[in-house]
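The values are calculated or read from the model by the stated rules, or taken from the named source; none is laboratory data. Bear in mind the structure is a predicted one, so any value in this text is a computation, not a measurement. Quick reminder, even Gly has a Cβ in these numbers, built from the backbone with ideal geometry, and neighbours come from all protein chains shown. We work out accessible area using only protein heavy atoms, side chains counted, and drop any ligands, DNA or RNA first. Shrake-Rupley method; radii C 1.70, N 1.55, O 1.52, S 1.80 Å.
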Amino acid sequence: MNKFVEEIKEVLKKEVDLSTEEIEKIIEIPPEEKLGDYAFPCFLLAKSLKKPPDRIASDLSKKLKPKALIKEIYSIGPYVNFRVDSRKLAEFVLKEIFEKDKSYGRDETGKGKTIVIDFSSPNIAKPFGIGHLRTTVLGNSLYRIFEYLGYGCVSINHLGDWGTQFGKLIVAYKRWGDEKKLSSDPIITLFDLYVKFHQEAEKEPELEEEARSWFKKLEQGEKEAEGIWQRFKDYSLKEFEKVYRMLEISFDCYTGESFYNKYMDNTIEEIQKKGLAEISQDALVVDLEKYNLPVCLLRKKDEATLYATRDITAAIYRYNTYKFHKLLYVVGSAQKLHFQQVFKVLELMGYPWAKDLVHVDFGWIKFEKKIMSTRKGDVIFLEDVLNKSVELAKDIIKKKNPDLENKDKVAFDVGIGAVVFTDLSTKRQKDINFDWDEVLDFEGQTGPYVQYTHARLCSLLRKYQKPVKRKVDFSLFSLEEEHSIIKKLEDFPKKIKMSAETYEPAVLCSYLLDLSGVFNRFYQKQRIITDDENATDARILLVKSVKTVIELGLSLLGIKAPERM
Ligand code: ARG
């Protein structure tokens, strides 16, 4: 715990009737430097003290006495503000970063607890489209963040590899499939077959029946059906792997929907035994009308199970396997109702852990200018988007830094980072308007801007040419800009926690933009390396600290921090 906040808590504790935890929760960092380093809002006390918060703040500020680390206490409106000894703050923060280095902000909060994260989960035999970008990068970042906070994390790719559509695909493949085309361009071929099935089924409705019977065979484990399906799956996984390799994302398990097939009868039986299921229009359902939700379909009249049945089964399986503290579903808002139904059924089944299921939802991603070359129809392939970004990054880098070595590798890290950052920096529930000019603007609120700042810091450290000193004269940090940077650095551990609590890597993104911003303002005004050796040593320690935190922050987002750009 930060000892400045500790001291503020101690001072406050004597005068206000709140627990230390409560005090800690409401202490904030004022939005503007000039207001002070920390602030204690008095709104919460207004009720119990029956006094306006402004009065409480001004009374309190007179009563509270500064101690070792606090220098000044004063009130502004409903806030009691604290200014700390900036020399001591600098010493404390910079030493801490120096010592902890690549584990600054790391925490044990989650020790002994498991978080299961269900994310990415594309559908096999379909293109890995831009629609799956958000779940993929959000899930990956949350994994990294929770792991940093000491949780045991399990990443699950809940592949969409089961369902009646595979009956259709098998029919289409058997009728019109072309082996050569399939092996040379599997995803497009399968996608075409799927489209063709629907066109043909309009003219020849019997196809639907045939498809149903093939899916049934598949559910019963019939050899031919399983063989064809397995090949579709293998082809798809190979394609998905390309994207995961680019993003450097891996999964602890690829247990998709099909994995739960063997447990489905158990689930249905259990739901029936608990008296929750009923037959409606020949289908087996759970009526959720009382909860203002549509019925949850468990089994169709042809016996086929559904998406929801598989999710209910998967949740039970996961609890039995991992005894999770939380199970996160990183899935778009379009599936809100689905998860409400699934969670409700599990709750009605009497599972107390149903309250630990979280739908981490997010908005749409839209392409404003459709300059993407799409291989097929409306689908924008994620792989194409990533490649395009790398290409554009390469053009920019060639212009900005023609002599850079390793241009390809740097362009790759910047191009991928740009897409990932754009996605993550948009608050989850907001829609994203993807615009290439914005995504790759090196001076905008972007990934490349943060990466560029990092590269600039690295270049300063190279110029310094000496090992960075940990013991410097901390009283030399007398400028307001330096104080701002130090305060930002101090805030990093808290921001990681906030990202985790709200399942919102956007918190970290805006933090990194702010940190880059305060550093760049300082850099524009002041020279870092000068003839004054003591001042240089001090500033270089600051530079190294900012570099460490930016690199760490980017890695929690799943973004690389190149040393040169
Ligand atoms: N495959 C689904 C889709 O692409 C997402 C699956 C999400 N996870 C889950 N457990 N339902 O829409």
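In a fully extended conformation the segment linking Lys301 and Val358 would gain 17.4 nm over its present Cα-Cα distance, using 0.36 nm per residue.
Among Ser478, Leu337, Ser48, whose Cα projects farthest towards the positive end of the dipole of the chain, with charges put on the beta-carbon of Lys, Arg (+1) and Asp, Glu (-1)? Farthest towards the positive end: Ser478. Listed by chain and number, the aspartates and glutamates whose alpha-carbon sits under 20 Å from that of Lys51, ignoring those within fewer than 8 places in the same chain, are Glu15, Asp17, Glu22, Asp59.
A 1.4 Å probe over all protein chains sorts Lys217, Lys466, Lys14 by accessible area into Lys14, Lys466, Lys217, starting with the largest. Which of the listed residues, Gln281, Tyr263, Val379, is farthest toward the dipole's positive end in segment 234-383, when Lys, Arg count +1 and Asp, Glu count -1 at the beta-carbon? With unit charges placed on the Cβ atoms, the residue in question is Val379.
Please say if segment 179-320 is rounded, prolate or oblate, where rounded means a/c under 1.5 for a ≥ b ≥ c the square roots of the C-alpha gyration tensor eigenvalues, and otherwise the choice is prolate for a/b larger than b/c and oblate otherwise? Verdict is oblate for segment 179-320. Excluding ligands, DNA and RNA, the accessible surface per residue across segment 1-51 is 59 Å² with a 1.4 Å probe. Computed with a 1.4 Å probe on the full set of protein chains, the accessible area for Thr530 sits at about 60 Å². Beyond 23 Å in Cα-Cα separation lie the following of the pairs Lys242/Lys400; Lys3/Lys67; Lys196/Lys233: Lys242/Lys400. Annotation: per residue accessible area for segment 223-301 equals 58 Å², rounded to a whole number [probe 1.4 Å, protein chains only]. If both residues of a DSSP beta bridge must be in the chain, then about 55% of such bridges are antiparallel. Pull out a ≥ b ≥ c, the square roots of the eigenvalues of the alpha-carbon gyration tensor of the chain, then state rounded if a/c is under 1.5, prolate if not and a/b is larger than b/c, and oblate in the remaining case. Because a/c hits 1.5 or more and a/b fails to exceed b/c, the chain counts as oblate.
Cross-link reach is defined here as a Cα-Cα straight distance under 21 Å, omitting same-chain residues fewer than 8 places apart; for Lys323 the lysines meeting it are Lys111, Lys113, Lys262, Lys344, Lys355.
Computed over neighbours whose Cβ is under 15 Å from that of Gly150, the net charge equals +3, Lys and Arg +1, Asp and Glu -1. Sorting the segments 99-107, 161-169 by their mean number of nearby beta carbons within 10 angstrom, highest to lowest, gives 161-169, 99-107. Each of Tyr74 and Lys399 was given a label point 7 Å from its Cα along the Cα-to-Cβ line. The distance between the two points is 4.8 nm. For segment 443-501, lysine pairs separated by 8 or more sequence positions, or belonging to different chains, with Cα-Cα distances below 22 Å total 8. Subtracting the Cα-Cα distance of Tyr263 and Ser459 from their residue separation scaled by 0.36 nm leaves 64.9 nm. Of the peptides 130-141, 232-243, the order by per-residue mean of other Cβ atoms within 10 Å, starting with the highest, comes out as 130-141, 232-243. Label point of Leu35 set 7 angstrom out along Cα-Cβ; within segment 65-83, amide nitrogens under 14 Å from it belong to 74-83. Rounded to the nearest 20 debye, the dipole magnitude of segment 216-332 is 260 debye, with +1 charges on Lys and Arg beta carbons, -1 on Asp and Glu beta carbons, and the Cα centre as origin. Based on protein heavy atoms only, segment 153-222 ends up with 45 Å² per residue of surface accessible to a 1.4 Å probe. In this label model, Ser333 and Glu200 are separated by 4.0 nm, measuring between points 7 Å along each Cα→Cβ vector.
Using alpha carbons only, the radius of gyration of segment 482-550 set against its Kirkwood radius gives Rg/Rh = 1.06. When only Cα pairs below 8 angstrom with a gap of at least 6 residues are kept, the chain shows a relative contact order of 15 percent. With a ≥ b ≥ c the root eigenvalues of the C-alpha gyration tensor of segment 10-166, is it rounded (a/c under 1.5), prolate (a/b larger than b/c) or oblate? Prolate is the answer for segment 10-166, as a/c is 1.5 or above and a/b outweighs b/c. Amide hydrogen proximity for Arg299: with H placed 1.01 Å from N in the peptide plane, the residues at 5 or more positions away or on another chain lying under 5 Å are Leu284. Once the Cβ-Cβ distance of Lys238 and Thr530 is raised to the sixth power relative to R0 = 41 Å, the FRET efficiency obtained is 0.15.
Distances between placed amide hydrogens fall under 5 Å for Asn433 paired with Lys366, all partners being 5 or more residues away or on another chain. The apolar share of the surface of the chain, taken as the fraction of accessible area on carbon and sulfur atoms (1.4 Å probe, ligands and nucleic acids excluded), comes to 48 percent. Cross-link partners of Lys102 among aspartates and glutamates, defined as those whose alpha carbon lies under 13 angstrom from its own and excluding same-chain residues fewer than eight positions apart: Glu551. Ordering Ile559, Leu218, Leu18 by the projection of their Cα atoms onto the charge dipole of the chain, which places +1 on the Cβ of Lys and Arg and -1 on the Cβ of Asp and Glu, puts Leu18 at the extreme positive end. When +1 charges are put on Lys and Arg Cβ atoms and -1 charges on Asp and Glu Cβ atoms, the dipole computed for the chain relative to its Cα centre reaches about 1520 debye.
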